[in-house]
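Written out below as structure tokens is the structure these notes cover.
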Amino acid sequence: MWHKILSFFSFLFLVVLSVILLHACANIASPTGGPYDVDPPKVKRANPDFNSLRATQTRIEIEFDENIKIKTPSEKVIITPPQKVMPVIRSLGKKAVVEIKDSLLPNTTYTIDFTDAIADNNEENPLENFVFSFSTGEQLDTLAVSGKVITAENLEPVTGIYVGIHSKFEDTVFTRVPFERISRTDSRGNFTVRGMAPGKYKVFALKDLNRDYKYDNPQESIAFLDSIIIPSTMPAVRQDTIYKDSLTIDSILTVHYTRFLPDDLLLRSFDSDFQREYLQKHERTDSNKLTLFFAAPTALANFTLLEPEVSSDNWYVMERSAGNDTLLLWITDSLIYKQDTIRMKVDYTRTDSLNMNFIDTDTLTFSIRKSARDRRTERREREKNEKEEKENAIRFLGIKSNIQATFDLFNPLRLEFEQPLVAFDSSLVRLEKAVDSLFEVVPYRLESDTLNPRKYTLRPRWEPGAKYKLTVDSASLVSRYGIWNNKYEQSFTMKELDQYGNLEVTIIGLPEGKTAFVELLDKTDKPFRKSFVKGNQVRFQDLLPSEEVYARMVIDDNGDGEWTTGNYEEKRQPEIVYYYPGKWTIRAYTDHTEEWNIEAVPMIRQKPLEITKNKPEEKKRRDPNQDRNNQQQNQQNSSFGFGGGRGSGGFGGM
């Protein structure tokens, strides 16, 4: 009996114990969790305190209510005045630690602009527009100026360029003295220079290649304002929207705040036309070709042949690039190109260590150095030529053209020959138009290329829809190497007018007396047609149909038909560029009439986003109420709380 009772209680104990264990395990395996964290870190304290005066310590610690991380401090955190020695910026648990390695300047306001670099460790909610400041003197400077930097040529926002100020106005300050205070542009090109004292300033932008905060390298991109600015403040009011949730508005608050002026500065960045000039390399790829490569556009070099000796300079024909940075010499004297080695003296422009140009002289040796692969190729080519000779085959001069079966009305005919010709004129090429069942000769204007002696352009007056034929009779052309052409004949048909549209644009707001031209752009921002403005109108004939045609206009101050960059030494700004803020659709057989007011949209918003290459970074979507709370917290923590104003990305101390 007792045995049965003991067994029953033992069994009951095991059942109860199993239930308890299962319940405990279930609780461990299935945590209840909590609401998703959307709040950024909140500041608890700082050492030294925010906006401290007479500060002496170079280690700053800011404690938050949760563990944090500092994302890409070298790109996002700005310390001003600019630091010569790289500071250390890191996170330690709940603290952000900044160790300044430079000696602190007396009576100076220091600002550490974290932008959005600080975020909580788990969900990475960023603390926007967070700024810490202190002063080594008796007062804290609180003024600020802000604006935007765009590329002068194409209105692209400039990311990561320094913006700095000087309170001295000598021309050499920008080139010899580091900035007094700096900022750095964010992905939208926006900047804010903070902690400024009352006074007058000049503002500059600098793509600083050597981190010395001054324009001492002509290869650095820059921008400068012609005017002097005076920072100030004014009381302002804004409307803040309070949301019940992400879509429902609860109420609208009127918020009074301090506005820092000017806040609409526009800097147009440009590269100077300076480039270091020197001879990069020279080569002889074929026995009759000598090629020289220069590092930049340069004045045309002079040549003197040393070996073999020649009695005149008629031993070559030159082919060159537009800036003379690539020169190809076709050797026309067989006594020269049959030599294994050619020596030549070259006088050319070279840039010294002080960025000054001088005429340098080099003696160059040209030899054909053939690899094993080249020798095999040459042997196969020789065997092929021998076989062709046995079969009485003749090698003809190669001819290329831009002719297509259906040809555009706005295109001229272009011919390119394999080798330079002995002679060429319009009598050697016949252009004919079909009239009924016959062909009639069509006159054209012949243009030889000023850079490439192998290229020619034929400009006739095209008739829409007509059929044409281009003919070059055999053996009518001969190259300087004795190669004749085979008969060349191409037939083609011009497109009808109803396949094109025309565009006429009336320009409003063009300064009186200014010369300007308009370029039509494709969806990659590449120009494909250009026309000058005449009487505030610009016209484009025979445009191919397109759903996306964009446009920009250049104020052509020097009248050269090209956009011209600026020059700081001459205090010359780059030529002004406007973008049409929308796009045009060109339809076939239609005359399009448009108006373009170049001042209707601010320059910083003119360029369509579709063709903007440097598109702004998308920020993480947040609760609007939380953003407002963040801004209020920053205003309480620092005199530089801009309440959602312009951000500034970069690291002034790097």
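The values are calculated or read from the model by the stated rules, or taken from the named source; none is laboratory data. Since the structure is predicted, the reported quantities are computational estimates derived from the model, not experimental observations. Here Cβ is always computed from backbone atoms with ideal geometry, including for glycine, and neighbour counts include all displayed protein chains.
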Restricting attention to the range 576-583, does a residue exist that is over 21 Å from F532 (Cα atoms) and outside any loop (DSSP other than H, G, I, E, B)?
no
Given (1) touching a Pro at 6+ places or on another chain (Cβ under 8 Å); (2) closer than 17 Å to Y488 by Cα; (3) not aromatic (F, W, Y); (4) not in a strand (DSSP E or B), L409 misses just (2)
Could you look through the range 178-193, keep only residues that are charged (D, E, K, R) and at pLDDT 95 or above, and pick out the one that is surrounded by the fewest Cβ atoms within 10 Å (Cβ to Cβ)?
E180
Picked from the range 142-177 (must be touching a Pro at 6+ places or on another chain (Cβ under 6 Å) and not β-branched (V, I, T)), the residue surrounded by the most Cβ atoms within 10 Å (Cβ to Cβ) is A152
Test: residue in the range 344-353 that is exposed (fewer than 14 other Cβ atoms within 10 Å of the Cβ), under 32 Å from the mean Cα position of the chain (by Cα) and free of Cβ contacts under 8 Å to residues at least 12 places away in the same chain
yes
If we keep just the residues of the range 324-335 that are hydroxyl-bearing (S, T, Y) and outside any loop (DSSP other than H, G, I, E, B), which is farthest from N357 (Cα to Cα)?
S334
Go through (1) farther than 30 Å from E170 by Cβ; (2) modelled with pLDDT under 95; (3) not aromatic (F, W, Y) for A600 and report which single condition fails.
(2)
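Would you point out the residue of the range 306-323, among those that are of a type in the set (D, E, K, R) and not in a strand (DSSP E or B), that is farthest from F366 (Cα to Cα)? Lay out the reasoning, then the answer.
Going residue by residue through the range 306-323, those that are of a type in the set (D, E, K, R) are 307, 309, 313, 319-320.
Filter again for not in a strand (DSSP E or B), leaving 309, 313.
Details: E309: 15, D313: 18 Å.
So the residue we want is D313.
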List every residue pair whose Cβ atoms sit under 7 Å apart, with the two residues 6 or more apart in sequence or on different chains, where the first one lies in the range 385-406 and is modelled with pLDDT of 85 or more and the second, anywhere, is surrounded by fewer than 10 Cβ atoms within 10 Å (Cβ to Cβ) and not small (G, A, S).
none
Cβ-Cβ under 7 Å pairs, at least 6 apart or on other chains, the range 252-269 side within 17 Å of P602 (Cα to Cα) and assigned to a strand (DSSP E or B), far side modelled with pLDDT of 95 or more and of a type in the set (D, E, K, R):
L266/K148
Output for the range 234-251, where each listed residue is in a strand (DSSP E or B), polar (S, T, N, Q) and either without any contact (Cβ under 8 Å) to a residue 60 or more places away in the chain or assigned by TED's automatic domain parsing to the domain that holds R605 (or both):
Q239, S251
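Of the residues V131, V149, V203, only one is farther than 30 Å from Y578 by Cα, of a type outside the set (D, E) and not in a loop (DSSP other than H, G, I, E, B); which? Walk me through it before giving the result.
Details: V149 fails: farther than 30 Å from Y578 by Cα; V203 fails: farther than 30 Å from Y578 by Cα.
Just a single option satisfies the conditions, and that option is V131.
Among the residues of the range 206-233, which ones are assigned to a strand (DSSP E or B), among the small types (G, A, S) and surrounded by 13 or more Cβ atoms within 10 Å (Cβ to Cβ)?
Scanning the range 206-233 gives a single hit, A223.
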Considering every residue within the range 291-305, establish whether at least one is part of a strand (DSSP E or B), at pLDDT 95 or above, over 30 Å from P602 (Cα atoms) and in contact with a Lys or Arg (Cβ under 7 Å, 6 or more places away or on another chain).
yes
Looking at Q537, is it closer than 22 Å to D591 by Cβ, modelled with pLDDT under 95 and of a type in the set (S, T, N, Q)?
no
Of the residues in the range 113-139 that are in contact with a Pro (Cβ under 8 Å, 6 or more places away or on another chain) and β-branched (V, I, T), the one that is surrounded by the most Cβ atoms within 10 Å (Cβ to Cβ) is I118
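Would you point out which residue out of L328, L335 is within 23 Å of V422 (Cβ to Cβ) and surrounded by fewer than 16 Cβ atoms within 10 Å (Cβ to Cβ)?
Details: L328 fails: surrounded by fewer than 16 Cβ atoms within 10 Å (Cβ to Cβ).
Being within 23 Å of V422 (Cβ to Cβ) and surrounded by fewer than 16 Cβ atoms within 10 Å (Cβ to Cβ) holds for just one of L328, L335, which is L335.
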Looking at T515, T565, T593, which one is more than 19 Å from N154 (Cβ to Cβ), modelled with pLDDT of 95 or more and surrounded by 14 or more Cβ atoms within 10 Å (Cβ to Cβ)?
T515
Please state which of the following conditions P106 fails to meet, knowing it meets all the rest: (1) surrounded by 23 or more Cβ atoms within 10 Å (Cβ to Cβ); (2) farther than 30 Å from D226 by Cβ; (3) not aromatic (F, W, Y).
(1)
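Mind telling me which of the residues Y456, Y444 ends up being touching a residue at least 24 places away in the same chain (Cβ under 8 Å), of a type outside the set (A, V, I, L, M, F, W, C) and within 26 Å of Y316 (Cα to Cα)? Can you show your working first?
Values: Y444 fails: within 26 Å of Y316 (Cα to Cα).
Checking each option against the conditions leaves just Y456.
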Given (1) more than 19 Å from R45 (Cβ to Cβ); (2) surrounded by fewer than 17 Cβ atoms within 10 Å (Cβ to Cβ); (3) among the hydroxyl-bearing types (S, T, Y), identify the lone condition not met by T58.
(1)
Can you report the number of residues in the range 428-437 which are loosely packed, with under 12 Cβ neighbours inside 10 Å and either in contact with a strand residue (DSSP E or B) (Cβ under 9 Å, 6 or more places away or on another chain) or touching a residue at least 12 places away in the same chain (Cβ under 8 Å) (or both)?
0
Verdict on P527 being under 22 Å from T612 (Cβ atoms) and loosely packed, with under 13 Cβ neighbours inside 10 Å
no
Residue list for the range 165-205, filter: closer than 13 Å to F224 by Cα and among the basic types (K, R)
K202
